[in-house]
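Engineer: Input: one structure, supplied below.
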Amino acid sequence: MATIREALLAALDHHASGRLDAAATLYRRIIEADGRQADAHHLLGVALAQIGRAEEALASFRTAIRLSPDQPSYRSNAANALKAAGRAGDARACCRVALALAPDHPDALGNLAAMTDDPAEALTIARRCVHLDPQKEEAPYNCGVLLRRLGRNGEALASFRRCLVLSPAHVPARHATADLLEADRPDAAALAFLRVARQAPHSPGTTLRAAAALSRSGAVDKAIALLDDLLRQAPMLPEAHFNHAGLHHESGSLGIAVAGYRRTLALAPGDAEAWYSLASVEKDRSDMGAAVAGYRRALAIQPSFQAADLELRRVLGRQFPAWHFTMLADQARNAAYQRAIDAAVKPGMIVLEIGTGAGLLALMAARAGAAHVYTCELSRPLAELARGIISDNGLADRITVINKRSSELRVGTDLPEPADLLISEILDAGLLGEGVAASVAKAARALVKPDAAILPKGAVIKAMPIECPALRSVNPVGTVAGFDLSRLEAYRNPSYMVLALNDLPHRPLGPPTDVCWIDLRNPPAHGPVGSAGLPISADGALHAIAFWFELHIDDRTVLSTAPGADSRHWQQAVQFLDCGRQVAAGETVEAGLTYIAGRLHFSA
C-alpha cells in the first residue's frame with residue numbers, strides 16, 4: 001500500500017499534467033487516510049478552483065488554513081477562489097493577511113495587484129513583484145497591463161517587451177505589444193500579430209488583426225493574400241469574408257467586394273455592419289435601389305446605426321433633389337399657388353397636374369374640392385414617395401399618381417376624360433429651363449378641355465445689366481491667377497447660371513426692364529422671343545444680364561422672383577456675355593432674348 005507521501009507525489013503528477021479530476025480523487029483519499037494533512041486540503045482546493053468549483057475549493061482552503069494558519073500560499077490561493085466566487089473584498093483581505101505573514105510573497109503580491117481597483121496602487125504592488133523576482137515573466141506583463149490602463153503606453157510597451165525577453169513564447173505579451181504598435185506602426189504590429197498567429201494557430205482573430213494592420217501599413221495585396229489563406233482554412237468564418245470584401249472594396253474591386261459581403265451575410269444574416277458595407281458598395285456601383293435596400297436592412301437590425309441612417313438619407317436625397325426642400329419651404333410660393341388653386345377649382349372638376357414632386361399642389365387641388373386629381377411624375381422614387389404622402393393625408397382615393405412623362409399620358413387610358421384644370425410648377429430660375437413650355441403646350445392641346453384654365457398663365461421676363469468682375473474670369477474662361485486656362489472654355493455651359501443676386505458681388509448698371517410676356521398656353525417656338533433696350537444709368541463694364549420673372553399664376557395672383565422678393569427658392573438667372581464692354585450712363589443696350597435648346601438666352 002502506498003504511503004501518504006507517495007500518494008501525494010502521484011496526485012501532484014496528475015495535477016501538473018492537467019488531470020485535475022484524478023488529482024482531486026487522490027487528494028481526497030489522502031485526507032480520508034489522514035485529515036490533518038494541510039497540504040492535501042490546500043492542493044485539493046487548488047484543483048477544485050481550477051475545475052471551476054469555487055465554493056468547494058473555499059471549504060478545502062479554510063480547512064488547510066485552520067490546520068496551518070501561517071502558510072501565506074494557502075491564503076493567496078484562497079483569495080483566487082474568493083475572487084472567482086464574486087467576493088472581491090474578501091479576496092483582497094485574504095491577500096493582505098498572506099502579505100502580513102510574508103510581506104514579499106510574490107503570488108500574494110501578484111494577486112493583490114490584480115484585485116486592486118486603483119490602477120496606480122496596483123502598479124506599485126506589481127513593481128514590487130518585479131523587484132522581488134526579476135526573472136518571472138508575469139510581473140512585467142502585469143505592469144504593462146496596468147501602465148496601459150493608466151494611458152502610459154510607452155512604458156507599457158517597454159514592460160511587455162521585458163516580458164518577451166524573459167519568455168519569447170508569452171502570447172498575451174506579444175498580443176499586447178501588437179495592440180500598442182497598431183496605431184503608429186502598423187507594419188511592426190502586423191509582424192507581431194503574425195507571430196502570435198503562428199504561436200496560436202487556432203486563433204483566427206489574430207490573423208484578422210494582422211491583415212488589418214498590413215492594410216493600414218499600405219501592404220493591401222499582402223493583407224488580401226493572408227485572408228485568402230485564412231479562408232482556405234476556415235471558409236465558414238464570416239469575419240474573414242467581411243474583411244476580405246472590405247479590402248477589395250478599398251482597392252476598387254467592387255464585384256469581388258459584393259460577392260464577399262454576400263457570403264458574409266449568408267453565414268451571418270443578422271450582421272448590420274455587413275448589410276451597411278454591402279449597401280455602400282452598391283452605392284459606389286450606382287445601384288441605388290440595392291443601396292437603399294441594404295441600408296434599410298442594416299437599420300432594421302440596428303435602429304441606432306447612425307452611419308446607415310445618414311447614408312440612406314444621402315442616397316434618397318439623390319432621388320429627391322435638395323432644391324425640393326427650399327421650394328417646399330417657400331411660403332410665398334405655396335400661398336400664391338393655394339390662392340390661385342382655391343379660386344380655380346370647382347366642385348366635380350377633373351384636375352391634371354404635371355410634375356408631382358412631393359404631391360403638394362395635387363393635395364391643394366383635392367382640398368379645394370376637385371372630384372379627382374391626376375398627377376404625373378417621371379421619377380419612380382418620387383412617384384412612390386408622393387403616393388405615400390398622399391396616403392398619409394387620407395387623399396389616396398381622390399389623387400392618382402402616374403409614373404410617366406406628361407407627353408406619354410393619354411385620355412381614355414391614364415385620364416378618363418380631358419381635365420378641367422391644368423396645374424404645373426416645373427419652372428427654373430430662367431422660367432423655361434425645366435421643359436415647362438413643351439409640356440404645358442402639349443397637355444393644353446391633348447389632355448384638357450378647350451376652355452380649361454391653366455395655372456400658371458404666363459410670366460413677364462425682367463432683365464438688368466450688371467458688372468460682375470468676381471465671375472468674369474471664368475465666363476468665358478480666360479486667365480486665372482496669371483495662367484491661361486482658356487482650354488476649359490470648351491467645357492463651360494454657356495447658358496445662364498442660377499445665382500442668388502443678393503449674395504453675388506456685383507453692381508447694377510441700370511434698372512430692371514420688362515423684356516417680354518411668355519404665354520405658357522402658347523409658349524414661344526425656338527428662335528427669337530423678344531428684345532428690349534436696357535437703359536444704362538452708371539458707367540462700368542457690362543459683363544452680364546441678370547434676369548428673373550413675374551409669374552402670373554392667374555389674373556389676380558402674381559409672384560415675383562426678383563432679388564429681395566418674398567419668394568426665394570428660384571433665385572435669379574445670370575447670363576454672362578461672350579464679350580463684355582464698357583458702357584456709359586445715358587446709353588441704351590439692345591438685349592435680344594432667344595429660346596434655344598429649351599432655355600432662354602440673352603445676348604447684347
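Engineer: For region 135-174 and region 1-42, write down the distance between their C-alpha centroids in whole Å.
Structural biologist: 36 Å
Engineer: Follow-up question, since we're still on this one. Listed highest first by mean packing, meaning other Cβ atoms within 10 Å per residue, what order do 304-315, 18-29 come in?
Structural biologist: Ranked by mean Cβ neighbours within 10 Å, highest first: 18-29, 304-315.
Engineer: In addition: Over the chain, what relative contact order in percent results from Cα pairs under 8 Å that are six or more residues apart?
Structural biologist: 6 percent
Engineer: Report ³J(HN,Hα) in whole Hz for each residue of region 258-265, in order, from the Karplus equation J = 6.51 cos²θ - 1.76 cosθ + 1.60 where θ = phi - 60°; Gly and Pro get x.
Structural biologist: Calculated HN-Hα couplings, in order: 4, 4, x, 5, 5, 5, 4, 6 Hz.
Engineer: At ASP503 and ASP117, where each label point lies 7 Å from the Cα along Cα→Cβ, what is the point-to-point distance in nanometres?
Structural biologist: Calculated label separation equals 5.5 nm.
Engineer: List the aspartates and glutamates whose alpha-carbon lies under 20 Å from that of LYS83, not counting same-chain residues fewer than 8 positions away?
Structural biologist: GLU55, GLU56, ASP107, ASP117, ASP118, GLU121, GLU138
Engineer: I've got another one for you. So, R0 is 22 Å and r is the distance between the beta-carbons of ASP229 and ASP187; what FRET efficiency does that work out to, to 0.05?
Structural biologist: Working: r = 19 Å, r/R0 = 0.86.
Given R0 = 22 Å and the Cβ-Cβ separation, E is 0.70.
Engineer: Below 29 Å, Cα to Cα, which lysines can LYS462 reach? Residues fewer than 8 away in the same chain don't count.
Structural biologist: LYS462 reaches LYS442.
Engineer: Oh, and also: Can you tell me what share of the DSSP beta bridges in the chain is antiparallel? A percent to the nearest 5 is fine. Mind dumping the intermediate values first?
Structural biologist: On the way: 47 of 65 bridges.
That works out to approximately 70 percent antiparallel.
Engineer: What's the local net charge at ALA274, with K and R +1, D and E -1, over the other residues with C-beta under 11 Å away?
Structural biologist: Net charge around ALA274: 0.
Engineer: Another one. Between ARG318 and SER537, what is 0.36 nm times their sequence separation minus the Cα-Cα distance? Round to one decimal in nm. Could you put the intermediate results ahead of the total?
Structural biologist: Working: separation 219, 0.36 × 219 = 78.84 nm, distance 4.40 nm.
That pair, ARG318 and SER537, stretches by 74.4 nm at full extension.
Engineer: Which of LYS222/LYS283; LYS346/LYS449; LYS346/LYS404 have a Cα-Cα distance over 21 Å?
Structural biologist: Table pairs above 21 Å Cα-Cα are LYS222/LYS283; LYS346/LYS404.
Engineer: If you don't mind, there's one more thing I want to ask. When the expected Rg is taken as 2.2 N^0.38 Å, what fraction or multiple of it is the alpha-carbon Rg of region 548-594?
Structural biologist: That ratio works out to 1.57.
Engineer: Using packing as a proxy for protection, rank 205-213, 277-285 so that the peptide with the highest average count of other Cβ atoms within 10 Å comes first.
Structural biologist: Highest mean packing first, the order is 205-213, 277-285.
Engineer: I'd like the Karplus ³J(HN,Hα) series for region 374-388: coefficients 6.51, -1.76, 1.60, θ = phi - 60°, whole numbers in Hz, and an x wherever there's a Gly or Pro.
Structural biologist: So the J values, rounded to whole Hz, are 10, 9, 10, 9, 5, 6, 4, x, 5, 4, 5, 4, 4, 4, x.
Engineer: Going 7 Å from the Cα of ALA565 in the Cα-to-Cβ direction, what parts of region 514-538 have a backbone nitrogen less than 17 Å from that spot?
Structural biologist: 514-520
Engineer: When only alpha-carbon atoms are used, what values of Rg and Dmax, in angstrom, describe region 458-603?
Structural biologist: Just the Cα atoms of region 458-603 yield Rg and Dmax of 15.7, 54 Å.
Engineer: Right, another one. Quick one: putting +1 on the C-beta of Lys and Arg, -1 on the C-beta of Asp and Glu, what dipole do you get for the chain around its Cα centre, in Debye to the nearest 20?
Structural biologist: Dipole of the chain, to the nearest 20 debye: 1200 debye.
Engineer: What is the sum of charges, Lys and Arg at +1 and Asp and Glu at -1, for the other residues whose Cβ falls under 10 Å from the Cβ of TYR374?
Structural biologist: Computed value for this residue: -2.
Engineer: Output wanted: per-residue J couplings in Hz (rounded whole) for region 468-484, from phi through Karplus 6.51 cos²θ - 1.76 cosθ + 1.60, θ = phi - 60°, x for Gly and Pro.
Structural biologist: Running phi through 6.51 cos²θ - 1.76 cosθ + 1.60 with θ = phi - 60° gives 9, x, 4, 10, 5, 5, 10, 9, x, 6, x, 9, 10, 6, x, 10, 7 Hz.
Engineer: Please give the FRET efficiency for ALA438 paired with ARG149, using the beta carbon to beta carbon distance and R0 = 51 Å, rounded to the nearest 0.05.
Structural biologist: Using R0 = 51 Å, I get an efficiency of 0.10.
Engineer: Given contacts defined as C-alpha pairs under 8 Å and at least six residues apart, what's the relative contact order of region 458-603, whole-number percent?
Structural biologist: Relative contact order comes out at 32 percent.
Engineer: Beta carbons within 10 angstrom, averaged per residue: use that to sort the peptides 255-267, 474-486, highest first.
Structural biologist: Values: 255-267: 19.4, 474-486: 11.8.
For the peptides 255-267, 474-486, the packing ranking is 255-267, 474-486.
Engineer: Here's something else I'd like to know. Over region 130-285, what is the relative contact order in percent, taking alpha-carbon pairs closer than 8 angstrom and at least six residues apart?
Structural biologist: Relative CO of region 130-285 lands at 11 percent.
Engineer: State the Cα centre-to-centre distance between region 329-392 and region 459-531 in whole Å.
Structural biologist: Here the two parts' Cα centres lie 33 Å apart.
Engineer: For ALA293 and GLU587, what does the FRET efficiency come to when R0 = 51 Å and r is the distance between their Cβ atoms, rounded to the nearest 0.05?
Structural biologist: Once the sixth-power term is evaluated, E becomes 0.25.
Laboratory data are not the source of any read-out in this text; all were calculated from the coordinates shown. Predicted model only: the values in this text are computed from it and were never measured. Every residue, glycine among them, receives a Cβ derived from its backbone with ideal geometry; neighbour counts consider all protein chains shown.
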